[in-house]
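Pasting a structure below so you can have a look.
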Amino acid sequence: MTPILEVRNLKKVFSINSGRTGKKSTAPKTVTAVDGISFTVNEGEIFGLLGPNGAGKTTTIGILTTRIIPTEGNGFVAGIDVAREPIRAKRLIAIVPQKMNLDHSLKVRENLTFHAAYFGLPKKVREERADELLEWLQLKDRANDRIDRLSGGMTQRIMIARALMHDPKILFLDEATVGLDPQSRLMIWEKIKDLNQKGLSIILTTHHMEEADKLCHRVAVMDHGKIIALDTPENLKKMIPGGEVIEMHLASSDGSLLATMEAIPEVQRVEPLDGMVRLYVAPGSKLLTRLVSIVEDHQCELLDVRVSHPTLENVFIFLTGKGLRE
Amino acid sequence: MNLKTFLALMRRDTLVALRDITSFMVRTLVQPMFLLFIFGNVMMRMSLVTGGFKEILVPGVTALTMLFAGMQAVTLPLVLDLGYTKEIEDRVLSPIGVHFIAVEKIVMGTAHSIVSGLLVLPLAKVMLHGGVSLNLHQWELTIALAILIGLVSSSLGLTIGSYIKPEKVGLMFSLIVAPIIFFGCTYYPWEALYRIPWMKRLVLINPLVYMAEGLRAAITPAVPHMPLHWILVGLTVSLILFTWVGLAGFYRRVID
């Protein structure tokens with residue numbers, strides 16, 4: 001497969017103004033948002049960057065869409081270095097940003113036609129494509145509306161339509177479904193799949209594990225500016241020891257309870273958490289009744305039990321020891 | 001530069017400006033109308049100012065109006081776009097050098113400034129007590145100055161718009177706009193400041209001085225004014241400075 005995007009050793013260090021303290025500034029504070037990451041995305045792939053807020057996903061997208069200059073390393077879009085030749089790169093990419101940035105001075109349809117005009121498309125093509133996309137995203141009756149009259153799901157769809165107007169080779173979606181109701185989210189997922197089936201390469205960032213799981217061919221798990229794992233969702237989930245997760249919510253627990261649980265051969269790992277114990281166990285080991293009686297033997301009160309197959313969230317917790325949304 | 005992109009950006013701004021034409025007219029004309037009425041009509045009838053004052057006032061008020069029209073056309077949308085709505089991002093991602101997006105703002109601001117000048121001059125004829133005699137024979141000079149004034153105004157707007165945060169807009173009016181108006185030789189000719197030598201030198205940092213004096217040299221040349229070559233030097237230096245600082249500031253705000 002040909003790579004449509006290549007990221008080599010990308011690093012971004014931001015210097016932060018420490019604000020007005022009244023004193024002369026000491027050494028400037030810096031934050032390393034992206035810390036030497038490398039990956040490639042193949043043509044026709046949906047590639048996900050999964051991680052909590054502040055993991056460096058948006059900065060990575062910012063660099064690849066020419067809006068942030070990397071401190072070190074390179075990003076190549078179809079072989080073009082985005083920092084060296086931003087204008088050529090911009091023709092090949094499109095972005096649906098995290099924050100709504102539609103042009104309020106223009107109507108819905110004009111947001112699309114002007115975007116295409118900025119890319120030098122002839123009037124006839126602009127008009128036709130705008131109509132097609134509005135139809136496809138079920139926005140035709142909103143074509144002449146003002147932007148501030150639209151719901152969150154609609155603005156998101158318009159931003160997708162706008163991004164597609166200049167026929168990009170890669171579409172970046174930065175947290176494209178954050179804050180949307182489940183219905184709008186499902187619709188956007190469908191549209192993303194549709195676009196990919198037509199051959200568009202897509203890179204999306206998300207902290208929604210189901211989104212990454214359902215849509216992405218491969219997922220890079222990011223934390224603190226680094227990629228800590230990169231594989232297909234299936235392979236990532238295989239990283240979880242055992243293959244089954246049992247979460248027991250307890251009113252109280254003690255060391256001997258945990259030790260007894262750990263002693264069971266099928267239990268591969270015990271994670272004591274606040275008010276809860278998470279056990280990674282071999283699949284089909286039918287341990288539940290045994291675990292419940294152990295809890296009773298230790299005179300601990302059991303509040304809730306959940307048995308699940310690993311999700312990408314479990315993978316993230318397994319790798320970092322913390323949840324995606326804290 | 002990508003000309004197609006540049007023209008599309010201009011077409012977008014022209015469409016938005018035309019949709020907003022009523023508000024533009026009100027914003028541009030109300031203040032000069034009142035200024036001309038009070039200083040050039042009411043106070044004239046009270047004999048608080050003498051007849052020759054009108055020839056000082058008209059170029060001054062015209063310059064002031066052009067400065068604000070050019071500045072506002074750039075500053076206000078830019079402050080909102082950069083600080084709050086991020087609407088400009090879509091244009092920043094269009095296939096053109098980022099600096100040209102700011103250059104386009106300067107071009108559009110210049111157009112706003114020139115249009116406002118064209119609206120104020122006939123207004124002056126109407127509002128002033130006994131009319132005013134304007135010299136329109138030096139039309140080449142007048143056009144050249146109008147373009148230069150427009151460019152300086154909008155590049156100043158770019159500079160302010162690129163550096164100021166939305167929450168500081170109120171402060172901008174007190175700290176930048178008010179001193180520019182009152183120390184801009186709007187209501188008095190620069191030559192007459194010989195009585196206050198420190199002020200005569202200090203006001204030279206104010207671009208409005210060269211605009212007002214320039215228009216005096218062009219349309220009311222009988223009024224004593226700064227030598228034309230100094231006016232052109234003042235406007236050119238302002239233009240280079242504000243364009244340079246403004247473009248750098250704009251780039252810093254849109255590219256991290």
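So which residues in the range A:253-282 are exposed (fewer than 14 other Cβ atoms within 10 Å of the Cβ), part of a loop (DSSP other than H, G, I, E, B) and of a type outside the set (G, A, S)?
Correct list: A:D254, A:P265, A:D274.
Assess whether A:S285 counts as being of a type in the set (S, T, Y), touching an Asp or Glu at 6+ places or on another chain (Cβ under 8 Å) and either more than 25 Å from A:K237 (Cα to Cα) or crowded, with 16+ Cβ neighbours inside 10 Å (or both). Full working, then the answer.
Values: of a type in the set (S, T, Y): yes; touching an Asp or Glu at 6+ places or on another chain (Cβ under 8 Å): yes; either more than 25 Å from A:K237 (Cα to Cα) or crowded, with 16+ Cβ neighbours inside 10 Å (or both): yes.
In short, yes.
Go through the residues of the range A:150-170 one by one and say whether even a single one is among the hydroxyl-bearing types (S, T, Y), within 22 Å of B:I88 (Cβ to Cβ) and not in a loop (DSSP other than H, G, I, E, B).
Keep residues of the range A:150-170 that are among the hydroxyl-bearing types (S, T, Y), which gives A:151, A:155.
Subsequent filtering for residues that are within 22 Å of B:I88 (Cβ to Cβ) retains A:155.
Subsequent filtering for residues that are not in a loop (DSSP other than H, G, I, E, B) retains A:155.
Checking the range A:150-170: at least one residue is among the hydroxyl-bearing types (S, T, Y), within 22 Å of B:I88 (Cβ to Cβ) and not in a loop (DSSP other than H, G, I, E, B).
Residue-wise test of (1) in contact with a Leu (Cβ under 7 Å, 6 or more places away or on another chain); (2) under 19 Å from A:I95 (Cα atoms); (3) open to solvent by 20 Å² or more (accessible area, probe 1.4 Å).
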site: A:L186; (1), (2), (3): no, no, yes
site: A:G199; (1), (2), (3): no, yes, yes
site: A:H207; (1), (2), (3): yes, yes, yes
site: A:H217; (1), (2), (3): no, no, yes
site: A:K238; (1), (2), (3): no, no, yes
site: A:A251; (1), (2), (3): yes, no, yes
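Being under 30 Å from A:I61 (Cβ atoms) and either modelled with pLDDT of 85 or more or open to solvent by 60 Å² or more (accessible area, probe 1.4 Å) (or both) narrows it down to one residue among A:E247, A:E234; which is it?
Among A:E247, A:E234, only A:E234 is under 30 Å from A:I61 (Cβ atoms) and either modelled with pLDDT of 85 or more or open to solvent by 60 Å² or more (accessible area, probe 1.4 Å) (or both).
Scan the range B:88-120 residue by residue and report those that are within 10 Å of another protein chain (Cβ to nearest Cβ) and in contact with a Ser or Thr (Cβ under 7 Å, 6 or more places away or on another chain).
Listed by number, the residues that qualify are B:L93, B:S94, B:P95, B:I96.
Then there's this: Just checking, does the range A:300-308 include any residue being within 15 Å of A:I240 (Cα to Cα) and either modelled with pLDDT of 85 or more or of a type in the set (A, V, I, L, M) (or both)? Steps first, answer last, please.
Here is the first cut: in the range A:300-308, the ones within 15 Å of A:I240 (Cα to Cα) are A:307-308.
From what's left, either modelled with pLDDT of 85 or more or of a type in the set (A, V, I, L, M) (or both): A:307.
Within the range A:300-308, one or more residues are within 15 Å of A:I240 (Cα to Cα) and either modelled with pLDDT of 85 or more or of a type in the set (A, V, I, L, M) (or both).
Just to be sure before I move on: is B:R216 within 14 Å of chain A (Cβ to nearest Cβ) and crowded, with 16+ Cβ neighbours inside 10 Å in the structure I sent? Let's see the steps before the verdict.
On the way: within 14 Å of chain A (Cβ to nearest Cβ): no; crowded, with 16+ Cβ neighbours inside 10 Å: yes.
So B:R216 does not fit the description; no.
Out of curiosity, is A:M248 assigned to a loop (DSSP other than H, G, I, E, B) and more than 29 Å from B:V92 (Cα to Cα)? Before the answer, list the steps.
On the way: assigned to a loop (DSSP other than H, G, I, E, B): no; more than 29 Å from B:V92 (Cα to Cα): yes.
Spelling it out, it is not the case that A:M248 is assigned to a loop (DSSP other than H, G, I, E, B) and more than 29 Å from B:V92 (Cα to Cα).
If you take the residues of the range B:188-210 that are open to solvent by 40 Å² or more (accessible area, probe 1.4 Å) and either under 16 Å from the mean Cα position of the chain (by Cα) or hydrophobic (A, V, I, L, M, F, W, C) (or both), which of them is modelled with the lowest pLDDT?
Restricting to residues being open to solvent by 40 Å² or more (accessible area, probe 1.4 Å) and either under 16 Å from the mean Cα position of the chain (by Cα) or hydrophobic (A, V, I, L, M, F, W, C) (or both), the top hit is B:A192.
Identify the residue in the range A:61-81 that is of a type in the set (A, V, I, L, M, F, W, C) and open to solvent by 50 Å² or more (accessible area, probe 1.4 Å) and, among all such residues, is nearest to the other protein chains (Cβ to nearest Cβ). Break it down stepwise before answering.
Here is the first cut: in the range A:61-81, the ones of a type in the set (A, V, I, L, M, F, W, C) are A:61, A:63-64, A:68-69, A:76-78, A:80.
With the extra rule that they be open to solvent by 50 Å² or more (accessible area, probe 1.4 Å), the set shrinks to A:69, A:78.
Numbers: A:I69: 6, A:A78: 14 Å.
Looking at the filtered set, the residue picked out is A:I69.
Which of the residues that make up the range A:109-125 are open to solvent by 10 Å² or more (accessible area, probe 1.4 Å) and more than 10 Å from chain B (Cβ to nearest Cβ)?
A:R109, A:K123, A:K124, A:V125
Within the range B:5-22, work out how many residues are surrounded by fewer than 16 Cβ atoms within 10 Å (Cβ to Cβ) and within 12 Å of another protein chain (Cβ to nearest Cβ).
From the range B:5-22, those surrounded by fewer than 16 Cβ atoms within 10 Å (Cβ to Cβ) are B:7, B:10-11, B:14-15, B:18-22; that's our starting set.
In the following step, the residues that additionally are within 12 Å of another protein chain (Cβ to nearest Cβ) were identified as B:7, B:10-11, B:14-15, B:18-20.
Number satisfying all stated conditions: 8.
Please work out which residue is nearest to the other protein chains (Cβ to nearest Cβ), limiting yourself to the range A:82-108 and to residues that are closer than 20 Å to A:L121 by Cβ and in contact (Cβ under 8 Å) with a residue 60 or more places away in the chain.
So in the range A:82-108, the residues closer than 20 Å to A:L121 by Cβ come out as A:86-96, A:102-103, A:106-108.
Cutting the leftovers down to in contact (Cβ under 8 Å) with a residue 60 or more places away in the chain gives us A:91-96, A:102.
Working: A:R91: 5, A:L92: 10, A:I93: 8, A:A94: 8, A:I95: 7, A:V96: 11, A:L102: 7 Å.
Among those that are closer than 20 Å to A:L121 by Cβ and in contact (Cβ under 8 Å) with a residue 60 or more places away in the chain, it is A:R91.
If you don't mind, there's one more thing I want to ask. Within the bounds of the range A:175-182, is there any residue that is within 28 Å of A:F318 (Cβ to Cβ), part of a loop (DSSP other than H, G, I, E, B) and open to solvent by 50 Å² or more (accessible area, probe 1.4 Å)?
Yes: one or more hits.
Here's something else I'd like to know. Determine which single condition A:S293 fails, assuming it passes every other condition in (1) part of a helix (DSSP H, G or I); (2) polar (S, T, N, Q); (3) crowded, with 17+ Cβ neighbours inside 10 Å.
Condition not satisfied by A:S293: (3).
The values are calculated or read from the model by the stated rules, or taken from the named source; none is laboratory data. Everything numeric in this text was worked out from a predicted model, so none of it was measured. Reconstructed Cβ throughout: ideal geometry from the backbone, glycine too, with neighbour counts over all protein chains shown. Accessible surface is based on the protein model in full, side chains and every heavy atom, while ligands, DNA and RNA are left aside. Shrake-Rupley method; radii C 1.70, N 1.55, O 1.52, S 1.80 Å.
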